[in-house]
Amino acid sequence: MQSTFNHENETKTHVAMIMDGNGRWAQSRGMLRIEGHRRGMETVRKMVEAAPELGVGTLTLYAFSSDNWKRPAAEVEALMRLFQLYLKREVKKCIENGVRLSVVGRRDRFPQRLQRAMERAEEASRHCQRLHLRIAADYSARDMILRAAQRVASDESLSRELFARHLSGEPHDGEPTPDVDLLVRTGGEKRLSDFLLWECAYAELFFTPKMWPEFEKSDFKQAIDDFRHRERRFGEVPVAHANAA
Ligand code: IPE
Ligand code: IPE
Ligand code: MG
């Protein structure tokens with residue numbers, strides 16, 4: 001492991017990524033969009049490998065939005081097959097590398113086989129602590145907020161922290177998932193597309209024109225370096241300026 005590259009002992013950062021541009025990447029090369037998704041899976045593997053060395057403790061990847069069901073059936077089916085393949089191929093490696101895998105979003109609209117593979121992957125990697133990999137699938141931030149609100153509608157003692165736990169759908173006895181520190185979107189668009197609306201309240205945003213299949217570990221490192229040079233103020237006045245007029 002390269003020492004200049006290694007941030008593993010620093011405070012862990014939560015990075016969220018909108019993995020956009022697979023289709024355009026493929027089409028601009030005369031390939032089918034599906035080939036772009038296949039290549040995009042390689043990028044996922046590279047990012048999961050790089051994350052712990054870059055000081056990232058939680059990595060949330062937007063794999064499939066609830067609005068993506070509106071795409072042609074053949075593309076949706078291909079994405080399901082790739083998801084299943086990813087879980088089959090990568091879970092063992094995730095566990096070896098200390099990666100805990102969770103799937104966030106709705107489950108019930110996925111094929112039964114895929115739902116079972118998700119549960120198995122979560123169960124088998126539950127004890128891993130080096131990186132928490134969250135895959136957002138059939139995910140809509142607005143639906144997550146709405147469902148959490150419905151679950152807790154009459155609880156007046158509800159705090160932001162507790163609400164955030166309801167949002168993530170995780171058990172209330174473990175470590176809570178932290179807010180997003182850095183949001184990266186590939187593919188050139190500058191929008192959130194219904195991703196982590198609550199959790200990104202104070203996230204730093206990083207947009208890149210690179211398409212997801214061409215996004216490399218060095219690009220991830222560049223985004224992190226850029227993030228570490230930002231001054232995060234959370235609504236406060238920076239300490240150095242606090243006594244100035
Ligand atoms: C992101 O790439 C992957 C998914 C949404 C599943 P796109 O498929 O949106 O690629 P573009 O944006 O059309 O190029
Ligand atoms: C967002 O990308 C969803 C994922 C990357 C999974 P989209 O391509 O679906 O978003 P829009 O349609 O450009 O907003
Ligand atoms: Mg897109």
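Taken together, the values in this text are just the output of simple stated rules run on the coordinates, not laboratory data. These numbers were taken from a predicted model, which means no experiment stands behind them. Every residue, glycine as well, gets a Cβ built from its backbone with ideal geometry; the counts of neighbours run over all protein chains shown.
Could you count how many residues in segment 117-134 are more than 12 Å from S102 (Cβ to Cβ) and among the polar types (S, T, N, Q)?
The qualifying residues number 1.
For segment 183-216, give me each residue that is outside any loop (DSSP other than H, G, I, E, B), of a type in the set (D, E, K, R) and under 30 Å from L167 (Cβ atoms).
R185, E204
Is there any pair linking a residue in segment 102-123 that is touching a residue at least 60 places away in the same chain (Cβ under 8 Å) to one that is in a helix (DSSP H, G or I), with Cβ under 6 Å and at least six apart or on different chains, and which?
Filtered contacts from segment 102-123: S102/E122.
For segment 102-137, name all the residues that are more than 16 Å from ligand 3 (Cβ to nearest atom) and part of a strand (DSSP E or B).
S102, V103, V104, L131, H132, L133, R134, I135
Please state which of the following conditions F227 fails to meet, knowing it meets all the rest: (1) within 23 Å of V48 (Cα to Cα); (2) aromatic (F, W, Y); (3) free of Cβ contacts under 8 Å to residues at least 40 places away in the same chain.
(3)
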